[in-house]
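Undergrad: Structure provided below as C-alpha cells; questions to follow.
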Amino acid sequence: MTTSSRNPILITASRLLAPFIQLFALYVIFHGHYGPGGGFQGGAMLAASVLLLRLSVGAERSELKFRKSWGTPVGALGALIFAGTGLLTLLLGGRFLEYHYLPLPDLSRAELHSAGILLIEVGVGLAVMAVLVGIYDDIMEGPGGD
Amino acid sequence: MYFGLETTLGLFLLAAALIALRLRNLLAAAVTLSVFSFISALIYLVMGAVDVAFTEAVVGAGITGVLFIVVLFHTSRRSVD
Amino acid sequence: MNDLSTYPSAVPLLAILVSAASVPLIGISARRPNLREFWTLLAAGAKFALVLSLLPSALANRVAETRLFEISRGIDLTLRADAFGVYFALIASGLWILTSIYSIGYVRGLKEKHQTRYFASFALCLSATLGVAFAANLLTFVIFFEVLTISTYPLVIHKQTPEAIAAGRKYLAFTLTAGVVLVAAMAAMAQLTGTLEFQPGGLRALQELSPVEVKILFGMFLAGVGVKAAIMPLHAWLPAAMAAPTPVSALLHAVAVVKSGVFGVVRVVGFLFGPETLSRFGLNEVMLWLAGSTILLASCLAFAEDNLKRRLAYSTVGHLSYVVLGAGLLSPSGLIGGVLHIANHATMKIVLFFCAGAIYVNAHKEKISELDGIGRAMPWTMGAFALASLGLAGVPPVNGFVSKWYLGLGALEGGSVAVVAILLISGLLNAGYFLPIVYRAFFKQSENFNSIGEASAWMVVPLILAACFSASMGLMPDLFFHFFTLAERIAAQILEASNP
Amino acid sequence: MGIEFIAGHNLYWIISLLLLVGLYGMLAKRNLVKKLIGMNIFQTAIILFYIAGASKWNATVPVIDPALGSVDPADYINPLPHTLMLTAIVVSVATTGVGFALLISIYRRYRTLDEDTLLKRMR
Amino acid sequence: MIEANLPLLVPLTFLISALVIPLIGLRVPGAAYPLALAAVLATIPIAGFGLYRVMDGGPVSYTLGGWEAPIGIEFVLDPLASFLTLLVTVVSCLVLIHARHVASVEHPDKQVPYYSLVLLLLAGFCGIMATGDLFNLYVFLEISSLAGYGLVAIGDKRSPVSAYRYLILGSVGTGFYLLGTGFIYVMSGSLNMADVARILPQILDQPAVLAGLILMVTGIGLKTALFPLHFWLPDAYSSASSVSSALLAPLGTKVGAYVLIRILFFVFDPAAVEQRVPITSVIAWLSAGGVLYGSLMALAQQEFKRMLAYSSVAQIGYIGLGLGMANPLGFTGAVLHILNHALMKAALFLVAGNLRVQLGHSNIAAMDHRLSRQMPWSMAALVVGALSMIGLPPTAGFFSKWYLVLGGIQGSYWVFVGVILLGGLLNAIYFFRVVERVYLPFRRGPSNQAAPNGGQEVVENREARFSMLAPTLVLAGALLALGLASSFLVNRVIHHMIPAGL
Amino acid sequence: MRKTSLIALVLFGALLLYASSGLPGHGDPDGPSHREQSRVGSPGAAAHYIRQAKGDAASPNIVTVVLADYRGFDTLGETIVVFTAGLVCSLILRRNP
C-alpha cells in the first residue's frame, strides 16, 4: 500500500504548512535559551514537517527536500557537530565540552557558553531530524520479503 | 502544582494505559497510546516540567504516533489479546 | 643426614622441557618416520642423561631447585629434585628409552595409524611425569598431574575403536573427577594451613587442626591421587584402559600414570601429612586396610581374567597397593620396601607388557588360553616373561623379592601380623595366576605357532634389557642407580623429620 | 497513615500501578505490538516518577524569571530530573524506533506479529 | 594532551570514528572496515597507557566540561575500569581482524552501518567502564544496548525475533536500572557515584534506597543474564551473525558484570547492605543455580553456538558466585574469570565462526572426525578453549576457578565450592562431547557410509584463511599464557581493584 | 511464562509499595534532592544549577543550560542513542544501505 494520497487539497495544504512548521521548528531550536524548546524538540518538529510532506505528496516527490539515503550520514553529521564542538575545546586546551575555550573572539565567558549551547543544539536538531526521517524511510522501504 | 488535578490526570493516564493494552484493534490502541502520551504531557506541565511536556507532546503524540500507524499499515492491525 | 641444602639449578626444568621440546619436532617430521623416531630417542636419551646428572647431588642430600615464577599468591612454580623426585624421574626416563625403542618396533610391526600423534603424546606424557616427580609444592604437582591426565588420553584412545573410545571416556571420567577432588583438597589445605609446600615429614600446621578436618582432608587427598594409583574402589578405569596399544599400557602401568598416582600417595603421606599426623589420627590404619583389601581382591580378580593384558592390569592394581601399604606402615623398612617397589614393579611389569605386546604383534593372540606352546616359538620373550612373573610373585633372585622382604620387615616392625599374612597370601596368588601362563607357554603342545618366530629386535632387545635389569636389581639392589640408597634416604627424610 | 502521607504519596502509587501495567504488557501480552505499547507505558511511568520527584510546592518552572529578583533555589522546581528525563524520552523514542524496525523485519519473514503463531512458524 | 584527557579518550575515539564511518561510507563503502579496525587499534595503546598510569599513580578523574564532580559529569579511570577497558579493546581488535572475511560473507552489503554499530557498541562499553555518574552510565548502557539489538538482528532467519525479545527484556533491564537510579537520586540528591557512596551509609536504612539497589541489581542482572534472568541470551547469541556473537558473548555480559561490581562494591558497601537485605547471598545462590542449569542445558544442545551460549549462562554464574561470596579471594576469582571467560568465549565463538564460514553450519551432530584434519588449527584452538573452560591447569580457566574455590573455602561456602567443581565436570562432559566427535570416528549411526573410497578417504584442507585463523590462535595462546601469568595479574593488577569494603 | 511473569509482577509491585513508604512526600521542598548541600556536605547539584545557570551561560532556561552545558555529555550520549537507532533501522531494513 502507499500512504501518499493524491488529494490536491491535501498536497497544497501540506506544502503550505510545511514551511511554517519548519520555521517554527527553527524558532524552537534557537529559542531553547529562553523558554521551553531546544535541539531535540526542534529537530523532531523539522522531522514532522518532512514526514507531513512524505505522507501527503509521496516519498518520490518529496525526496527533493530530504533524500532517502541521507538519513544516517546527516545524523552522523549532526552528532559530529556536537562531538566536534567538544573535541575543539579539548584540542584548544580545555576539557571536553568546556565551552569557554571556543575560538570566538570578543565574547565573555558566559556568552561563549551560550554560543556553545547554540552550536550543539543545532547539531542535536540536525541529527534528530535526519534520524527520525531516516527511520520513517526505512519503515516505508516496503513489505518485500527477504 | 495542583494536587487534585495531578491525581485526576494520573487516573486518566492509568485508564488510557489499560485501554491501550486491552484494545484488540491495534490502530485504536496506537491512537490511545497517543492520548496516553498527551495526558502524560499534561501531567508534566502541571508539575512544572515545561520542557519535558513539550518534548513528550512532540514525540509521544507526534512522531511515535505517526510511526506506530505507519508500522501498523505495513503489518497486521489485529491482535488476539 | 637429614639436613638438606638446596641450590638453584636449571637441570630439573631442562629435564622436563627436553621432551616437551621434542613434541613440535616430532610434529614437523610427521612425514619422515625415521627422523621422527630419531627425535624421540634423542629426547629420551637427553632426558635420562639430565636426570642422571642430578643423581650425585641427590645422594649427597643436595637438592637442585628451579624456582620459576609465582603462580598463585605465595606459591611459586617450583621444581625440586630431591631424593624421591630423582628416584622416580630416573625410573620414568630410563624406562622411557626402553619403551620408545620398543614402541618403534611395535607400531611399525602393526602398521598403526596416527604414529605422529602417538609419539608426540608420549613425549608430552613424559614431560608431565617428570613434572610430577620434581614438583616442590602441591600446586605444581597438581598442574603436572592434570597435564598428565590430558596427555595420556590420546594414547588410551589411540586405536579409535568403540571399545577404546569408551575406555577413554571412563579414563577421563575417573581422572578428571579425581582432579577436581584434588583441587578442592588443595584449596582447603591452602586455606587451613597457609602453605602448599612439600616438606619431608609433613606440615606441622596440620597437627593443629581438628581431627574431623584432618580426616576429611586426608580422605579427599587419598581419593584425588588414589584414582591414578588405582586403589580398589577407584580402579575401574585401569582394566578398561587396556584397549590402548601395548607400549602405552606398559607406560601407563609401569611408569607414568599409575606410578604418578602411587608417587602422589607417598608424597601426600610423607611430605604433606607426615607419619606423626597420620598415626595420631589413625589414618594409616585406613590406608593399610584399603591397600590390603585391594591387594587380595585384585589378585583374585586377576585369576578370573583370560585376556592377558587385563590380567596384567589387575596384577598392577594389586602391586600398586604394595606401595600404598608400604607408605601406610610408617616404619623405616616398610617405607623402603614401598618406595623400592615403585622401581621394581615398574621394571617387572614393563617386561610383562612388552612380552604381551610382542606376542600380539607376532601371533595376534591376546587370550591366555590361546598361548599353548608359544614359548618354543618365542623363547627369549617367554623366558623374560617367566623371569618377571617369578619376580612379581616374590621369588628371591628377582628384584620383587627385595621390596617384599622389606615390606615384610616393616610389617613386623610395626607388629602387624595381618599385613605379613597378606603379603604371603598375595605372593602365592601372584604365583598362582602367572605361572600357569608360563607353564602353558613352555610345556603344552600346540600347532599354532609353528610358522612364527621371535619378534623384531626393536622389541626383543628392550625386553631382554629390562628383564636383565630387574634380575640384577634383585641381586644387587644398589647396583646401577643407587635405588636402594635413594629409598633409604627417602625413608629417613620422612621419618626423621617427624621424630627429631 | 495520615492524610498528608496519602496526599504526598498517592501519585507514587499511581506511578507504581502504571509501572506494573507496563511491565505486564511487556511480559504477558502475546502480541509483539502490544509489548511495545507496554514498553512505552513503562518508560512513561519512570519518567513520571522522576518528574514527580522533582516537583516542589510553591515553586515555579525552572526558567529564571527576572521579576522574581534574587535567585532562591526554593523558588524554582528542581531542573535536574527534567534534564535527565529529556534524555530518557529520547532514548525511549530511539528504542521504540528500533522496535519498529524489528517488527517490520519479523513481519517480512514470518507474516505474523503474534508470539504463539510466530513460535509455531519458527519451527 | 593525551594524559590530561586519558579517561575520555577511548570512548571518544570509538564515538567519533563511529560517526565518521557513515559519512565516509557514503562515498567509499569499502572504507568502513579499515576505519573501524584503525579505531580499535588506536585505542589499544591508549587503554594500555591508561592502565599503566592508573597502576602507577592511582585513579585518574576527569571532569567533563570542567564542572566539578557533583555538578557535572565525572569520568573516573580506576584499576578495574582501565583493566576491563583494555580487555574490551584487545578482544574486540582480535574479533574485528577475524571479522574481515566473515562479515563480508555473512552480510556483504551492510558493511557501513555494521561497523559503525560495532564501534558504537564498544563506545558504550568503554563509556560504561569509565563513567563515574549513575545517569551517564544509563546513557552509555542504552547506547551499547541499542547497538547490541541491532547486531543481534543481523544473523540467521530467526535473528529478528531473538533481537526483539532481547530488546523487550533489555528495556525492562535498563528501565529497572533507571528507576533504581531515580530512587537513589531522590533519596540522596546526587548522581555522582563517589558522592552517592559517601552519602549512602547515612540513609541505607531507608526502604527506597534498598529498593533502588534491588532494582538496579535486577536490571543489570537482566543485561548480564544472571541466572533466572538469562532467558534472552541463548536465542540472541545463537541466532546472531558470527561476528556479532563473537563480540557480544565475550564482552556484553562482562560489562554487565562490571556494572554489578561497580554498584554493589563501590557505590554500596556490601557488608552494610548484607545486614539489611541479603543481596550478595541471593546473587551467590542464584548464580550457583545458574552454573548447574547452564551446564545441564549446554549438555542438551545440538548446535555449537547455542551450546556456547548456555555455557555462557553457566560461566556468568561463576562470576556471580565470586561476587556473591563478597570476600577478596572470591572477588579476585570473579575478576579473573571475567578476563578468562572473555578470552575463552571469544576463542570459542571465533572457532564457531570459522566453522560457519567454512562448513556453512555449526551443528554438532553433523561434525565428524574428518574435521580434525580439514581444520586442524581451528580444532586445536577449540581444544585449548575447551580445556580452559573445563578449568584444567595450566590454562587460564583453572586459575580463576582456583581463586573462586579458595574464596569459597575462606568463607566456608561448601555448597558453592561443590557447585564450582561440579560445574567444571559438567563443562568437561559437554565440551568433551564435541572434541570427541571432532577427533574420533564413530562407526555407529546413519553416518556409516563415510569413507566412500575404501577407508582411505581423501581429506581436503578446509582450514579457515589466515585472517580468521590468526586471532583464533592468538586467543588460544593467550589462554595458555595467561594461566601462567595469572599470579602476576592478581598481584599487580587485580589486587589493586579489591574494594575497600571487603 | 504466564506464572513466572505473574510472580515477577507481584514481587515488583510489593517492592514498589515498600519503597514508596520511604520516599519523601511528593512536592516536599525539603527533599534530599532539592537541598543546597547533601548530608555529607557536598554541594547539591540542583540548587547550584538554579543559582548559577544564568551567570554561567547567559541563559534563563535552566533546563537548557543543564542539558547542554553542565551535563552536556549526557546529551551527546542522547544524540548518539538517536543516531544508533537510525543506524540500526537502516541496518535491519535497508536492502542496500
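Undergrad: When a footprinting reagent is the concern and you count Cβ atoms within 10 Å, what order do E:SER311, C:SER9 take, fewest first?
TA: In order of increasing Cβ crowding within 10 Å: C:SER9, E:SER311.
Undergrad: Mind giving me the nanometre distance, one decimal, between the label points for D:ILE6 and F:LEU17, set 7 Å out from Cα along Cα→Cβ?
TA: Taking the simple label geometry, D:ILE6 and F:LEU17 are separated by 1.6 nm.
Undergrad: Mark the label point 7 Å from the Cα of E:PHE231 along Cα→Cβ and return the residues of region E:295-332 whose backbone N is within less than 17 Å of it.
TA: E:297, E:310, E:313
Undergrad: What does DSSP give for region C:5-498 in terms of the percent of beta bridges that are antiparallel, rounded to the nearest 5?
TA: 70 percent
Undergrad: Next question. Quick one: net charge around E:ILE73, please, counting Lys, Arg +1 and Asp, Glu -1 for every other residue with C-beta under 9 Å from its C-beta.
TA: After counting each charged neighbour, the total is -2.
Undergrad: Regarding region B:3-74, what are the three Cα extents along the principal axes, ordered largest first, in Å?
TA: 41, 24, 9
Undergrad: Can you spot the lysines whose alpha carbon is less than 22 Å from C:LYS215's alpha carbon? Ignore those fewer than 8 places along the same chain.
TA: Answer for C:LYS215, where 22 Å is the Cα cut-off: C:LYS228, listed by chain and number.
Undergrad: While we're on this one: Using the basic label-point model (7 angstrom from Cα toward the beta carbon), what is the C:SER53 to C:PHE480 distance in nanometres?
TA: Output for this residue pair reads 2.0 nm.
Undergrad: Using only Cα atoms, tell me the angle between helix E:328-359 and the longest principal axis of chain E; keep it within 0 to 90° and round to the nearest 10.
TA: Here the helix axis deviates by roughly 40 degrees.
Undergrad: Here is a follow-up. With no solvent and one point per C-alpha, what does the Debye sum give as log10 I(q)/I(0) for region C:213-349 at q = 0.19 Å⁻¹?
TA: The calculated log intensity ratios at q = 0.19 Å⁻¹ are -1.01.
Undergrad: Give me the angle, in degrees from 0 to 90, between the Cα long axis of helix A:109-139 and the longest principal axis of the Cα atoms of chain A, rounded to the nearest 10.
TA: With rounding to tens, the tilt is 20 degrees.
Undergrad: With N set to the residue count of chain D, report its C-alpha Rg divided by 2.2 N^0.38 Å to two decimal places.
TA: 1.48
Undergrad: Still on this model: Whole Å is fine, so just give me how far the alpha carbon centre of region C:274-314 lies from that of region E:124-189.
TA: Using only Cα atoms, the two centres lie 61 Å from each other.
Undergrad: In terms of Cα to Cα distance under 20 Å, which aspartates and glutamates are near enough to C:LYS259, apart from those fewer than 8 places away along the same chain?
TA: Output for C:LYS259: C:ASP82, C:GLU146, C:GLU488.
Undergrad: Quick check: pseudo-label points 7 Å beyond the Cα along Cα→Cβ at C:LEU42 and A:ARG109, how many nm apart are they?
TA: 7.6 nm
Undergrad: Scanning chain C for trypsin sites (Lys or Arg not before Pro) in DSSP loops with at most 15 other Cβ atoms within 10 Å, what's the longest stretch left with none?
TA: C:114-443
Undergrad: While we're here: Identify, among E:HIS341, E:VAL351, E:THR174, the residue whose Cα sits farthest towards the positive end of the charge dipole of chain E, taking +1 on the Cβ of Lys and Arg and -1 on the Cβ of Asp and Glu, with the dipole about the Cα centre.
TA: Value computed over the given set: E:VAL351.
Undergrad: Tell me, what is a quarter of the convex hull surface for the C-alpha atoms of chain C, in nm² with one decimal?
TA: Convex hull of Cα atoms, orientation-averaged projection: 20.6 nm².
Undergrad: Taking only DSSP H segments of four or more residues, each worth -39500 (n - 2.57), what value at 222 nm results for chain E once the sum is divided by all its residues, to the nearest 500 deg cm²/dmol?
TA: My calculation for chain E gives -25500 deg cm²/dmol from helical runs alone.
Undergrad: Follow-up question, since we're still on this one. Which parts of region E:12-36 would a label at E:ARG100 reach, counting a residue when its backbone N lies under 15 Å from a point 7 Å out along Cα-to-Cβ?
TA: The answer is E:30-36.
Undergrad: Given the DSSP H assignment, sum -39500 (n - 2.57) over each helix run of at least 4 residues in chain C and divide by its residue total; what's the result at 222 nm in deg cm²/dmol, nearest 500?
TA: Calculated from helices alone, the mean residue ellipticity at 222 nm is -24500 deg cm²/dmol.
Undergrad: Could you go through region E:68-80 in sequence order and give the Karplus-derived ³J(HN,Hα) for each residue, using 6.51 cos²θ - 1.76 cosθ + 1.60 with θ = phi - 60°, rounded to whole Hz, and x for Gly and Pro?
TA: Calculated HN-Hα couplings, in order: 5, 3, x, 7, x, 8, 10, 9, 10, 9, 10, x, 4 Hz.
Undergrad: Which ³J(HN,Hα) values in Hz, rounded to whole numbers, follow from the phi angles of region C:210-224 under the Karplus curve 6.51 cos²θ - 1.76 cosθ + 1.60, where θ = phi - 60° and Gly and Pro get x?
TA: Computed from phi, the couplings for region C:210-224 are 6, x, 4, 4, 4, 5, 4, 4, 5, x, 5, 5, 4, 5, x Hz.
Undergrad: On a straight-distance basis, which aspartates and glutamates could pair with C:LYS111 in a cross-link, Cα separation under 19 angstrom, same-chain partners fewer than 8 positions away excluded?
TA: Within the straight-line limit of under 19 Å, C:LYS111 reaches these aspartates and glutamates: C:GLU37, C:GLU366, C:GLU454, E:GLU457.
Undergrad: Once a ≥ b ≥ c are taken as the square roots of the eigenvalues of the Cα gyration tensor of the protein assembly as shown, is the result rounded (a/c under 1.5), prolate (a/b larger than b/c) or oblate (a/b not larger than b/c)?
TA: Judged from the Cα gyration tensor, the protein assembly as shown comes out prolate (a/c at least 1.5, a/b above b/c).
Undergrad: Let me ask you something else. Report, in degrees rounded to the nearest 10, the 0 to 90 angle that the Cα long axis of helix E:279-300 makes with the longest principal axis of chain E.
TA: 10 degrees
Undergrad: Give me the number: length gained by fully extending C:TYR7 to C:SER456, i.e. 0.36 nm times residue separation minus the C-alpha to C-alpha distance, one decimal in nm.
TA: 157.1 nm
Undergrad: Let me ask something else. Hey, fewest Cβ within 10 Å first, where do B:ILE63, B:ILE69, E:ILE316 land in order?
TA: The most exposed by this proxy come first: B:ILE69, B:ILE63, E:ILE316.
Undergrad: Can you give the extra length, in nm with one decimal, that the chain gains between C:ALA304 and C:ILE28 once fully stretched, where that is 0.36 nm per residue apart less the Cα-Cα distance?
TA: Extending this stretch completely gives an extra 94.8 nm.
Undergrad: Suppose R0 equals 45 Å; then what is the FRET efficiency for C:GLN207 and C:ALA418 from their Cβ-Cβ distance, rounded to the nearest 0.05?
TA: That gives a FRET efficiency of 0.95.
Undergrad: To the nearest 0.05, how large is the calculated FRET efficiency for C:GLU112 and E:VAL28 if R₀ is 51 Å and r is the Cβ-Cβ distance?
TA: In this case the efficiency is close to 0.35.
Undergrad: Residue by residue, what Karplus-based ³J(HN,Hα) values in Hz, rounded to whole numbers, does region E:473-485 have, using 6.51, -1.76 and 1.60 with θ = phi - 60° and x for Gly and Pro?
TA: Whole-Hz 3J(HN,Hα) from phi for region E:473-485: 6, 4, 5, 4, x, 4, 4, 6, 5, 5, x, 6, 8.
Undergrad: OK, next. Can you put A:ARG67, E:ARG158 in order, fewest other beta carbons within 10 Å first?
TA: Fewest-to-most Cβ neighbours within 10 Å comes out as A:ARG67, E:ARG158.
Undergrad: What pairs in E:LYS254/E:LYS305; C:LYS170/C:LYS404; D:LYS34/E:LYS345 have C-alpha atoms more than 29 Å from each other?
TA: C:LYS170/C:LYS404; D:LYS34/E:LYS345
Undergrad: Apply the membrane-span-like helix rule to chain F: whole DSSP H runs, Cα extent along the own long axis of at least 15 Å, mean Kyte-Doolittle hydropathy at least 0.5. List the helices found.
TA: Once both thresholds are applied, what remains is F:2-20, F:72-93.
Undergrad: Computed FRET efficiency, Cβ-Cβ of A:LEU91 and A:ARG15, R0 41 Å: what is it to the nearest 0.05?
TA: Between A:LEU91 and A:ARG15 the formula returns 0.40.
Undergrad: A follow-up question, please. Measuring from a point 7 Å past the Cα of E:ALA481 along Cα-to-C-beta, which residues in region E:96-111 have an amide N at less than 19 Å?
TA: Residues E:96-98 qualify, since their backbone N sits under 19 Å from the label point.
Readers should treat all values here as calculations from the given coordinates under stated rules, not as data from a laboratory. Since we're looking at a predicted model, the values are computed, not measured. Cβ sites come from the backbone with ideal geometry, for glycine too, and all protein chains shown count toward neighbours.
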